[in-house]
Amino acid sequence: MAYQSINPFNGKVDKTFKELTDSQLEHAVATAQTCFTSWKTKTYAERAVILEKAATLMRGHVDDFAKLATLEMGKRINEARGEVKFSADILSYYAQHAEAFLAPQKLHPKSGEAHMESTPFGVLFCVEPWNFPYYQLARVAGPQLMAGNTLVVKHAGCVPQCAMAFEKLLLDAGAPAGLYTNLVISHEQSEKLIDDVRIKGVALTGSVVAGRSIAARAGQNLKKSSMELGGSDAFIVLDDADLAKTIPWAVWGRMYNGGQTCCAAKRFIVLESIADKFIEQFKTALSALKVGDPMLEATTHGPLSTEAALLQLVHQVDEAVVHGAKVLMGGKRIKRPGSFMEITILTDIKPGNPAFRDEFFGPVVSFFRVKDEAEAIALANDSDFGLGGSVWTKNAARGKRVASQVDTGMMFVNNIDWTDAELPFGGIKDSGYGRELGNMGIQEFVNKKLVRTVVMDAPA
Ligand code: NAP
């Protein structure tokens, strides 16, 4: 069964869901298309009423939403509550700012007047991952619904109840039928849907494999797409870093959301002169995390999202070792029910080891020593990914200089405050293209139309 809630804390199946039949899917797309014809005519203020109402409802039911996420994908309850509140903030942010972001832009041609208008594309197909089961939905729903588009959304198979809860949220907030539709569909149905002439754009957040497949299909159909894919972000520790501040952020950066964040700190690149101290303190701090039930606030190390995710991570660590990496800590699944992975530190990862290039989506640290700043930058850039990264130093100017030389979509100096509603999020290289959030996020799926007025004689 593809759509199933399984509690990763104990492996128990909670609920299973059937995929839509083709005729149910056809009905959903037709309804979204009909809805678009009226939704696009609404004012921003009219759209904002629904989005603000949804945000208010979310804030009023933080625990209900949070517990569902913890049940389905094992997110620690505190983090789940934070995600729910932040998702509500994203909806509110676009309710408040969409009109200004999409206001006509005056241009200055040599003759006459001209301006750019922004108009919605139509029905968009969004494919979203389980790791932030509400935030990922809010990242598309906030901007795209305010822009006047309607959405049909395929969420990940392991979080069907979160997906349904978000759809219900919008309906409860007064959304007309077809404004936001959750689709419980197969990959094959998804592919056919991309071919459907009524689908005008495709947004994916997920793995590189999914990105290649969905972007190719969208490309064949000449449909605009945005791809928010994986990452293997560098956490660069310069020789003058303040370790008292850096170590807690290193722990947070690797371990937040069980290590299952696209822009998590994954490759720790540390200057030789500070490397021994850093790794000793980092290991001590990681060892202090408490394994347990993600529903309990005292737990600081929960399960991975699914058994399959755990098996994949264990396999990657084994392969890394076969290819010469050393295990400084952890390396195995934890012997207890549920999909728990030991916190793992890998060292001696050389080029040619699959671990040198692959993304570890869980609590696995890849640790590298480098002789100087230039080598740190070169190693950070020796990656197929280009999502984010951070640099740690007491000298902010030096940090900015290093940040400018790392080829990613986002760089953070002495922080990993990854995401804010008002800041664009996204990457380059295999991390994808396009941006979500901020002003840029709402511009991805609107037609930028030039309107020019010139008083001219007829051509001779
Ligand atoms: P995934 O397997 O690619 O799944 C993500 C979504 O894509 C799910 O809804 C999945 O559905 C769907 N999907 C996968 N292949 C598909 C296909 N051929 N046709 C239609 N739908 C397809 O990703 P994951 O491994 O679960 O999620 C983690 C990945 O997402 C990591 O690489 C992470 O870095 C990345 N991510 C990126 C960002 C970002 O903003 N850049 C944010 C979060 C996560 P099923 O569940 O039904 O297979």
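Looking at (1) more than 14 Å from the ligand (Cβ to nearest atom); (2) buried (at least 18 other Cβ atoms within 10 Å of the Cβ), which is the only condition Gly409 fails? Failing condition for Gly409: (1). Answer yes if at least one residue in the stretch 260-273 is surrounded by 18 or more Cβ atoms within 10 Å (Cβ to Cβ) and either in contact with a Cys (Cβ under 7 Å, 6 or more places away or on another chain) or in a helix (DSSP H, G or I) (or both), and no otherwise. No, that holds for no residue. Against the conditions (1) part of a helix (DSSP H, G or I); (2) touching a Leu at 6+ places or on another chain (Cβ under 6 Å), Ala215 satisfies every one except (2). Residues of the stretch 222-257 that are at negative phi, more than 20 Å from the chain's Cα centre (by Cα) and in a loop (DSSP other than H, G, I, E, B): Lys223, Leu238, Asp239, Asp240, Ala241, Asp242.
Can you find a residue in the stretch 103-119 that is within 14 Å of Glu444 (Cβ to Cβ), assigned to a strand (DSSP E or B) and more than 16 Å from the ligand (Cβ to nearest atom)? Yes, the conditions are met somewhere in the stretch 103-119.
Of the residues Ala177, Ala165, Ala141, Ala156, which single one is under 30 Å from Val13 (Cα atoms) and assigned to a loop (DSSP other than H, G, I, E, B)?
Ala156
The selection criterion, being crowded, with 18+ Cβ neighbours inside 10 Å, touching a residue at least 24 places away in the same chain (Cβ under 8 Å), over 22 Å from Ser38 (Cα atoms) and aliphatic (A, V, I, L, M), holds for Ile185.
Looking only at the stretch 434-460, filter to residues that are surrounded by fewer than 16 Cβ atoms within 10 Å (Cβ to Cβ) and among the charged types (D, E, K, R); which one of those is nearest to Gly409 (Cα to Cα)?
To start, the set of residues in the stretch 434-460 that are surrounded by fewer than 16 Cβ atoms within 10 Å (Cβ to Cβ) comprises 447-460.
Subset that is among the charged types (D, E, K, R): 448-449, 452, 457.
Numbers: Lys448: 23, Lys449: 27, Arg452: 34, Asp457: 48 Å.
Per the criteria, the residue is Lys448.
Restricting to the stretch 189-201, and then to whatever is more than 10 Å from the ligand (Cβ to nearest atom) and touching a residue at least 24 places away in the same chain (Cβ under 8 Å), can you tell me which residue is surrounded by the most Cβ atoms within 10 Å (Cβ to Cβ)? Step through it out loud before you land on a result.
Within the stretch 189-201, the subset more than 10 Å from the ligand (Cβ to nearest atom) is 192, 195-201.
Within this subset, residues satisfying the condition of being touching a residue at least 24 places away in the same chain (Cβ under 8 Å) are 195-196, 198-201.
Working: Asp195: 12, Asp196: 17, Arg198: 14, Ile199: 21, Lys200: 21, Gly201: 23.
So the residue we want is Gly201.
Scanning the stretch 274-307 for residues that are within 16 Å of the ligand (Cβ to nearest atom) and assigned to a helix (DSSP H, G or I) gives a single hit, Glu307.
Restricting attention to the stretch 234-259, the residues being closer than 17 Å to Ala374 by Cα and either within 16 Å of the ligand (Cβ to nearest atom) or surrounded by fewer than 21 Cβ atoms within 10 Å (Cβ to Cβ) (or both) number 4.
Just so you know, all these numbers are worked out from the coordinates, no wet-lab data involved. Predicted model, so just to flag it, every value in this text is computed and none were measured. Reconstructed Cβ throughout: ideal geometry from the backbone, glycine too, with neighbour counts over all protein chains shown.
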